[in-house]
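Just so it is clear, none of the values below were taken in a lab; they were calculated from the coordinates. Because the structure is a prediction, the values reported are computed rather than measured. All Cβ positions, glycine included, derive from the backbone under ideal geometry; neighbour counts span all protein chains shown.
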Amino acid sequence: MMASKEIVFQDQCYKIGYELINPACSKSLLILHGWGANRDIMKKAFANYLPDFCHIYVDLPGFGRST
């Protein structure tokens with residue numbers, strides 16, 4: 001499930017893109033990317049592993065679909 005959330009930090013509004021895989025699982029795994037990457041790269045690397053976890057892939061501010 002691909003989505004976005006607006007977050008206000010120090011009077012700035014940021015749109016943060018994220019995606020969930022296996023959302024019905026009770027255990028969650030937050031996966032963050034490094035500099036110059038985005039959630040799509042991380043999803044390609046990890047989405048087929050750890051099927052018992054809900055995967056949360058986040059585009060950090062300024063990358064992917066985040067402002």
Under a Cβ-Cβ limit of 4.7 Å, which cysteines in the chain have nobody to pair with? C13
Pop out the Kirkwood hydrodynamic radius of the chain from its pairwise C-alpha distances, inverse of mean 1/r, in Å to one decimal. 12.3
Considering the options H33, Y49, Q10, tell which one lies farthest towards the positive end of the dipole of the chain, charges being +1 on Lys and Arg and -1 on Asp and Glu at the Cβ, about the Cα centre. Y49
Could you please report the charge total around N38, scoring K, R as +1 and D, E as -1 over all other residues with beta-carbon less than 11 angstrom from its beta-carbon? +1
Computed [θ] at 222 nm, helices only, for the chain once each DSSP H run of length n ≥ 4 contributes -39500 (n - 2.57): -3000 deg cm²/dmol
Computed from the beta carbon distance with a Förster radius of 22 Å, FRET efficiency for A45 and T67 to the nearest 0.05 stands at 0.35
Among 7-13, 41-47, 57-63, how do they line up from the highest to the lowest mean number of other beta-carbon atoms within 10 Å? 57-63, 41-47, 7-13
Calculated FRET efficiency, K15 and W35, Cβ-Cβ r, R0 30 Å, to nearest 0.05? 0.95
Going 7 Å from the Cα of A3 toward and past its Cβ, which residues in the range 42-67 have a backbone nitrogen under 17 Å from where you end up? 54-60, 65-66
